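Below you'll find the structure, written out as structure tokens, and then a few comments.
Rule-based calculations on the coordinates, nothing more; no lab input. Note that the structure is a prediction, hence the values are computed from the model and not measured. Please note: Cβ atoms are built from the backbone with ideal geometry, for glycine as well, and neighbour counts cover all protein chains shown.
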Amino acid sequence: MDNLLILKNILNKYDLTEYGVCDYSCITNFLECRNAIRIPSDCKSVIVIAFPYHTKTELKSNLCNYARVLDYHIVVNDYLKKISNDLKEVFKDYEFEGFSDVSAFPEHFCGQMAGVGFEGRNHLLINDRYGSFFVIGEIATNLYFEASKPDFRSCNQCGLCIRNCPSKALNAEKDDFSKCLSEVTQRKGELTDNEIQLIKNNGLVWGCDVCQNVCPHNKNIEETHIKEFYESVELNLTYDNLSILKKNRAFGYRGRNLLLRNLDILYK
Ligand code: B12
Ligand code: SF4
Ligand code: SF4
């Protein structure tokens, strides 16, 4: 059987339909990451997979969408391990190494090259089925898979993400992600008065989804079918559930003090 068909059958087993393959040789913009040593030395292909996480609730929340569900690093890496094991059973002589987020791969770029989605002006990758509400996981391998067709479509360039960005990180002149509310909520140490006000005005303890919520490509998208996500929704981080959520949410790694600081900004 053809390599791609075997891959398709394995991913179908996990109901993962939005994926593609990017040639390793086309990646020149690697990020600095301690995990880089796990990339197979004779790597040929990168299998890029979209993991949708939106649970479509309209209720008010003090967390961005991905932070309302089980830590995607745990969930995605678990899927990637299972998929890698399945692949290894068929292709015994080859290596398969999974990564997500904590990765030397520039995941936007790899996703675009693998045809998983196109780049939005808000810097997020947009998929026809799930909009931009998915995280990316990839498997690097020294087995050659034929590369997918890259997705060079453009978003509709309506400018809504720029006009609504609360921190002006997205800017018609020049974007500056050091201002991004998502970045501010995870920055350790003292925040400036403006940054404190930004957290207060937006009512968010962790992350920001404004540039996704306003995007027309996110209308009528499908919600997640990944049970680890839809079964674990917790809308708010509170003083009471902090100890529990710290253990299994993507924000846990930043530590209790930072989360308490953000809660205090909002509620004290
Ligand atoms: C650092 C980081 C951040 C930083 C900086 C973000 C930034 N845009 O620079 C902060 C903390 C602000 C952040 C915030 C968020 N992040 Co983040 N982040 C990352 C991380 C770890 C590295 C990104 C990076 O530094 N890339 C390197 C720089 C050079 O790339 P770049 O700025 O995107 O630019 C390159 C290309 O993308 C391209 N490019 C840039 N812009 C454009 C535009 C067009 C039109 C085209 C064609 C190309 C292009 O050219 C550049 C040169 O190579 C990635 C994971 C990873 N390993 O890739 C996740 C990642 C990008 N983040 C992700 C998410 C979900 C978010 C948030 C939505 C989380 C939230 N809800 O709060 C926000 C969204 C903010 C935003 N609008 O981008 C997801 C994106 C999923 C998706 N569908 O696209 C990723 C891929 C993690 C994952 N595993 O899924 N993030
Ligand atoms: S995540 Fe929020 S602050 Fe950051 S660019 Fe998007 S809208 Fe702006
Ligand atoms: S809000 Fe408009 S400009 Fe921004 S990413 Fe979506 S379609 Fe593109």
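What the table shows:
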| item | result |
| --- | --- |
| Qualifying aspartates and glutamates (Cα of each under 16 Å from Cα of LYS8; at least 8 residues distant if same chain) | GLU18, ASP86, GLU89, GLU138, GLU146 |
| Antiparallel DSSP beta bridges within the chain, as percent of all bridges there, nearest 5 | 95 |
| Qualifying GluC sites (Glu not before Pro) in the stretch 94-189, DSSP loop, other Cβ atoms within 10 Å at most 14 | GLU146, GLU173 |
| Total charge dipole magnitude, the stretch 1-145, about the Cα centre, Cβ charges on Lys, Arg, Asp, Glu only, Debye to nearest 20 | 340 |
| Length added when fully stretched, LYS13-ASN85, from 0.36 nm per residue minus Cα-Cα | 24.6 nm |
| Inter-probe distance in nm under a simple model that places probes 7 Å from Cα toward Cβ, at GLU231 and LYS168 | 4.7 |
| Among LEU170, PHE30, ASN241 - extreme Cα towards positive end, dipole of the chain, charges at beta-carbon | ASN241 |
| Inter-part distance where the stretch 1-17 and the stretch 143-197 are each reduced to a Cα centre, Å | 33 |
| Degrees between helix 3-13 axis and first principal axis of the chain (Cα, 0 to 90, nearest 10) | 50 |
| Cross-link pairs beyond the 28 Å C-alpha cut-off, checked among LYS149/LYS174; LYS174/LYS200; LYS149/LYS227; LYS149/LYS219; LYS188/LYS247; LYS60/LYS81 | LYS149/LYS174; LYS149/LYS227; LYS60/LYS81 |
| Candidate aspartates and glutamates for bridging to LYS168, where Cα separation is under 14 Å - those fewer than 8 sequence places away on the same chain excluded | ASP176, GLU183, GLU195, ASP209 |
| Burial ranking of peptide ranges 33-40, 228-235 (average Cβ count within 10 Å, highest at the top) | 228-235, 33-40 |
| Residue among CYS110, LEU260, SER154 farthest towards the positive dipole end of the chain, charges placed on Cβ | LEU260 |
| Most mobile of ILE126, ILE226, ILE47 in a GNM of the chain (Cα contacts under 10 Å) | ILE226 |
| Check: the chain dipole with +1 on Lys, Arg Cβ and -1 on Asp, Glu Cβ, in debye | 720 |
